[in-house]
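Throughout, read-outs are computed from the coordinates displayed, never taken from laboratory work. All values reported here derive from a predicted model rather than from experimental measurement. FYI the Cβ positions are ideal-geometry reconstructions off the backbone, even for glycines, and counts take in every protein chain you see.
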Amino acid sequence: MRTRTAALLAVIALAPLGACSTVKEAVKGPELAPVGYPAHLAPMDPKLTLQYPAPQPQTANSLWRTGARTFFNDQRARAPGDILTVLININDSANTKNQTSTSRTAGTNIGIPHLLGLESTLGKILPGGFDPANAISTNSKTSNDGSGAVTRQEQITLTIAATVMSVLPNGNLVIQGTQEVKTNNDVRQLTVAGIVRPEDISATNTIQHTQIAEARINYGGRGDGARVQKTPAGQSLIERFSPF
């Protein structure tokens, strides 16, 4: 009895630790997952690592430098600290419907005409008599109906400048950019992060959001307006953990 009580107390004590992240999400809202490639190479708050650009190979008797997009130098971002422009044009929509209906009926009848000659004795012991031909009879019936529908449409058109945070061993660039605009007591914040190939950066030093691997795009805000629109923390906790 003591062992069972101790185990129960241990579970109750550890339960808040397991729900800590859920409580934090309910109070502060969801957070973006870290960029993975793997994740530790490009966290959401990476530190800028300055590196000197690799020397370009020289071509004899030529004014054109290998890999250049312009006659004199390459204007595209390629080293930590360089800046490129990210063009975000998201226009997604989804419409799904699901419906499920299941039912099952089962019945069982078991008779024991002969049971080592004890069938007549059982009839005297059991109340109400005993019928060996109908010793056991069971029946069950279950049914389940479910339906669901999802309609979603998102449209975001933005432009943001991002900084090259680091260069991966294969040459891909880890980028991250944040933009904040404050109007009265509200701050609009846009964050973009991910991994791009230098070959996908255009001659105008821009890249589409569809060309960003492990893209993390966040568009939101904070302030008086966002606080009024957000569900109160107490109500959010009750709705998340209420068993009813």
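Rounded to whole numbers, the Karplus 3J(HN,Hα) couplings from phi for the range 95-106 are 9, 10, 9, 9, 9, 10, 9, 9, 8, 8, 10, 9 Hz, using 6.51 cos²θ - 1.76 cosθ + 1.60 with θ = phi - 60°, and x at Gly and Pro.
Note on LYS182 and ASN98: the extension gain reaches 26.0 nm, defined as 0.36 nm multiplied by sequence separation minus the Cα-Cα distance.
Can you work out the FRET efficiency for the pair THR85 and VAL150, with r the C-beta to C-beta distance and R0 = 30 Å, to the nearest 0.05? Efficiency for this residue pair is about 0.35.
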